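Have a look at the structure below, then the notes.
The values are calculated or read from the model by the stated rules, or taken from the named source; none is laboratory data. Please read these numbers as outputs of a predicted model, since none were measured by experiment. All Cβ positions, glycine included, derive from the backbone under ideal geometry; neighbour counts span all protein chains shown. Accessible surface is based on the protein model in full, side chains and every heavy atom, while ligands, DNA and RNA are left aside. Shrake-Rupley method; radii C 1.70, N 1.55, O 1.52, S 1.80 Å.
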There are 2 protein chains.
Amino acid sequence: MITQRMRDFFETRRPEGPCLVVDLDVVRANYLGFEKALPQARIFYAVKANPAPEVLRLLASLGSCFDTASVAEIEMALEAGATPNRISYGNTIKKERDIARAHALGVSLYAVDCVEEVEKIARAAPGARVFCRVLTDGEGAEWPLSRKFGCVPEMAVDVLRHARTLGLESYGVSFHVGSQQTDLNAWDRALSDAANVFKTLANEGILLKMVNMGGGFPTRYLNDVPTAQAYGMAIFDALSRHFGNRIPETIIEPGRGMVGNAGVIRTEVVLISRKADNDNVRWVYLDIGKFNGLAETMDEAIRYPIVTPHDGDAVGPCVLAGPTCDSADVMYEKTPYPLPVALNVGDELFILGTGAYTATYASVAFNGFEPLRSYII
Amino acid sequence: MITQRMRDFFETRRPEGPCLVVDLDVVRANYLGFEKALPQARIFYAVKANPAPEVLRLLASLGSCFDTASVAEIEMALEAGATPNRISYGNTIKKERDIARAHALGVSLYAVDCVEEVEKIARAAPGARVFCRVLTDGEGAEWPLSRKFGCVPEMAVDVLRHARTLGLESYGVSFHVGSQQTDLNAWDRALSDAANVFKTLANEGILLKMVNMGGGFPTRYLNDVPTAQAYGMAIFDALSRHFGNRIPETIIEPGRGMVGNAGVIRTEVVLISRKADNDNVRWVYLDIGKFNGLAETMDEAIRYPIVTPHDGDAVGPCVLAGPTCDSADVMYEKTPYPLPVALNVGDELFILGTGAYTATYASVAFNGFEPLRSYII
């Protein structure tokens with residue numbers, strides 16, 4: 001969506017070059033929506049989705065906790081006003097010296113997915129709480145996850161048992177159902193695995209306390225997605241089914257769901273051409289592409305809605321590409337994007353749902369183009 | 001290759017975190033190698049491959065010209081000591097106001113691939129020389145190009161005819177055979193197309209002067225590649241065959257071929273794990289990945305040679321992944337990478353052939369990780 005505040009900003013400020021505008025009112029509404037939909041869960045905002053200080057400060061003031069991927073993100077969350085007990089070091093891949101830094105900063109909650117990582121934490125952050133990430137299949141996600149994070153549930157039992165042996169607090173289990181997950185049953189399958197880990201360890205006297213349900217809450221691109229309420233109900237049902245009357249503490253880690261629809265990218269049409277006279281597909285080149293903000297169009301995974309000055313007019317198929325000399329800097333080619341035939345060089349386009357995973361993905365200076373500028377309003 | 005100067009740098013400076021080291025002696029040798037192999041061609045270094053000021057200054061001092069993708073790159077080339085007549089604005093996608101800036105800076109050579117771009121140049125850089133990029137099929141390239149740049153040869157004739165009509169100098173034809181092109185016949189096919197454009201326009205009294213043969217000169221990764229000399233001979237043969245005794249002025253635009261083998265990335269093993277007890281593939285997580293330097297491992301297109309402290313020992317299959325919480329940040333998964341079984345967390349690895357398309361591709365701060373640091377020695 002383009003909010004009235006965004007429209008006013010673009011009209012009055014008229015920033016030069018491509019830019020992202022994030023409306024904090026939408027972020028606030030999203031936070032309150034999650035709180036309402038999942039009142040029993042603690043919200044850990046996934047800082048990597050958009051670490052703009054204004055976003056972090058707003059969420060910190062609303063009471064959000066923070067899921068961080070690095071020491072730099074921990075420092076940003078602290079800077080924004082979060083106390084260390086509201087910060088999780090959620091990356092399963094950590095240098096031991098970074099764990100030590102996080103420990104020194106007061107962070108006491110860490111993600112792991114193998115015995116090796118548990119050993120680092122035992123050395124660098126003695127006594128910390130750890131949760132083990134379990135592999136899920138990611139079925140139904142628009143951006144399915146690879147097997148990069150997590151281990152099979154049987155191994156999670158070993159990992160958490162080992163943590164206890166080394167003096168850590170075996171705190172819980174996490175999973176991530178895949179980004180843009182629209183299948184509500186995905187949480188059910190993962191919660192079933194989590195409950196099994198809880199039961200196995202309970203039989204040994206290790207009582208886990210928390211289930212971290214990760215992110216995956218979608219933002220609205222071209223298709224309608226279930227509402228936060230629908231997610232909340234489906235998840236609460238699944239929790240009751242698998243944990244009975246011993247429902248654990250729960251955590252969610254929305255990133256895209258918190259800021260995705262709060263951002264709009266303004267871009268300019270740089271060139272429109274055809275490759276041959278008889279080509280029925282136009283090539284539309286923008287001043288933004290895969291390397292300065294739209295990295296998530298990789299494999300055409302995410303199809304952003306685009307607003308043009310000619311909406312409503314007749315459309316024709318377009319290949320959309322970025323401004324660099326890199327032939328991989330093409331956004332939509334396999335499935336061309338319908339855009340108005342009246343589109344002109346110099347037209348301003350608005351790319352919606354771009355508040356997450358855009359600005360920080362941008363390259364430092366590829367082809368000499370500066371990274372995407374952000375304006376938080 | 002890791003040169004002695006690189007080894008000395010790593011040992012004495014011991015920089016913290018992942019970094020790229022580029023040895024200028026190798027860049028110099030590459031430049032002289034191109035000069036010797038293709039004495040008749042002017043060398044336009046593709047600045048985007050590595051725009052480090054030290055690299056640009058060295059090449060400027062050796063007499064190189066520069067192929068630039070943006071006004072920022074034009075300014076960098078000028079800053080490094082190149083005169084405007086040694087600079088080509090080689091991006092076919094340019095805002096009209098950027099063409100005007102380039103014109104104001106004295107640049108007079110522009111790439112085009114459609115009538116629309118010719119019209120912008122006629123308005124913003126009257127009298128400039130233009131060359132039209134022709135589509136090639138890129139067969140034989142490790143990183144085949146999409147159809148993003150260029151038009152079919154028949155359309156190139158129209159484009160250059162139109163340029164003349166608008167008072168521009170129709171200067172020549174360009175093509176790009178694809179990056180890491182190892183099939184020497186690729187140049188032959190493209191030169192045949194170029195010669196046809198020359199002939200058609202000559203019949204109308206438009207005498208083109210230049211063929212820009214682009215880049216595509218490979219750097220050595222895991223497989224041996226033909227030498228610059230072999231390229232030079234094959235290209236000279238093809239030129240003679242297609243242009244007879246009217247061989248045009250020629251330009252080459254090496255980027256990867258100039259700096260690729262001059263760079264080595266030093267990285268650290270952050271974690272080694274398995275996803276299940278019976279997994280025979282190890283996951284090896286480095287402190288560098290797709291989003292802070294190794295973007296060209298996308299689709300596992302480029303397989304860099306990796307030097308470990310245990311080379312020569314028994315090896316086993318590994319999935320190689322980066323340090324971010326992004327599940328797409330995996331370098332080699334479809335075809336696992338064999339690494340020593342003795343590999344340990346904390347080991348330093350050297351990733352060879354990384355002088356091109358690494359540092360500037362790095363994201364500004366994804367997951368809070370800083371962009372790849374470069375040291376030019």
Between the Cα axis of helix A:115-124 and the main Cα principal axis of chain A, the angle (0 to 90°, nearest 10) is 80 degrees
Within 10 Å of the Cβ of an average residue in A:147-154, the count of other chain Cβ atoms is 6
By the Cα gyration tensor axes a ≥ b ≥ c (a/c under 1.5 gives rounded; else a/b larger than b/c gives prolate, otherwise oblate), the shape of region A:63-175 is oblate
Low-density loop trypsin sites (Lys or Arg not before Pro), region A:239-348, at most 14 other Cβ within 10 Å, DSSP non-H/G/I/E/B, are A:R246
The helix A:153-165 Cα axis meets the longest alpha-carbon principal axis of chain A at an angle in degrees, between 0 and 90 and rounded to 10, of 50 degrees
For region A:90-254, dividing by residue count, accessible area per residue (probe 1.4 Å) in Å² works out to 38 Å²
For chain A, the Cα gyration tensor yields equivalent-ellipsoid semi-axes (√(5λ), largest first, whole Å) of 40, 21, 19
Probe 1.4 Å, all chains present, heavy atoms only: B:E116 accessible area in Å², nearest 10, is 80 Å²
Here, chymotrypsin sites (Phe, Trp or Tyr not before Pro) of region B:35-127 satisfying both criteria (DSSP loop; at most 11 other Cβ within 10 Å) are none
Partner shielding of A:323-335, taken as the mean number of other chain Cβ atoms within 10 Å, equals 6
With the label set 7 Å along Cα→Cβ, A:D8 is separated from its counterparts in the other copies, in nm and shortest first, by 6.3
Result for interface chain B to chain A, accessible surface buried in total, 1.4 Å probe, Å² to 100, stands at 5700 Å²
In degrees rounded to 10, the 0-90 angle between helix B:185-202 Cα long axis and the longest Cα principal axis of chain B is 20 degrees
Of region B:12-29, those with amide N under 12 Å from the point 7 Å along the Cα→Cβ vector of B:T3 are B:21-29
Listed by chain and number, the residues whose amide H is under 5 Å from that of B:G316, excluding neighbours fewer than 5 places away on the same chain and using placed H, are B:L339, B:V341
At the level of C-alpha centres, the distance separating region B:300-374 and region B:190-205, in angstrom, is 46 Å
Sorted shortest first, the nm distances from the A:H310 label point (7 Å along Cα→Cβ) to its counterparts in the other copies are 6.0
The Cα extents of region B:232-324 along the principal axes, largest first and rounded to whole Å, are 68, 26, 25
Here the Kirkwood hydrodynamic radius of region A:261-376, Cα-based and in Å, equals 14.3 Å
Note on region A:90-254: the mean projected area of its alpha-carbon convex hull, in nm², is 9.5 nm²
The size of the Cβ-based charge dipole (Lys, Arg +1; Asp, Glu -1) of region A:90-254 about the Cα centre, to the nearest 20 debye, is 540 debye
At R0 = 30 Å the Cβ-Cβ FRET efficiency linking B:R164 and A:V281, nearest 0.05, sits at 0.60
Two pseudo-spin positions, 7 Å from Cα along C-beta at B:D313 and at A:V315, lie apart in nanometres by 5.7 nm
Computed over all unlike Cα pairs, the Kirkwood hydrodynamic radius of region B:3-131 in Å stands at 16.1 Å
Under the 7 Å Cα-to-Cβ spin-label approximation, B:A29 and B:T227 lie apart by a distance in nanometres of 1.3 nm
Which of A:K290/B:K199; A:K290/B:K36; A:K148/A:K334; A:K334/B:K94; B:K48/B:K199; A:K275/B:K209 exceed 29 Å between C-alpha atoms? The answer is A:K290/B:K199; A:K290/B:K36; B:K48/B:K199
CD proxy, 222 nm, the protein assembly as shown: helix-only mean residue ellipticity via -39,500 (n - 2.57) per DSSP H run with n ≥ 4, per residue, nearest 500, stands at -9000 deg cm²/dmol
Taking the protein assembly as shown, the whole-percent share of alpha-carbon pairs separated by over 37 angstrom is 43 percent
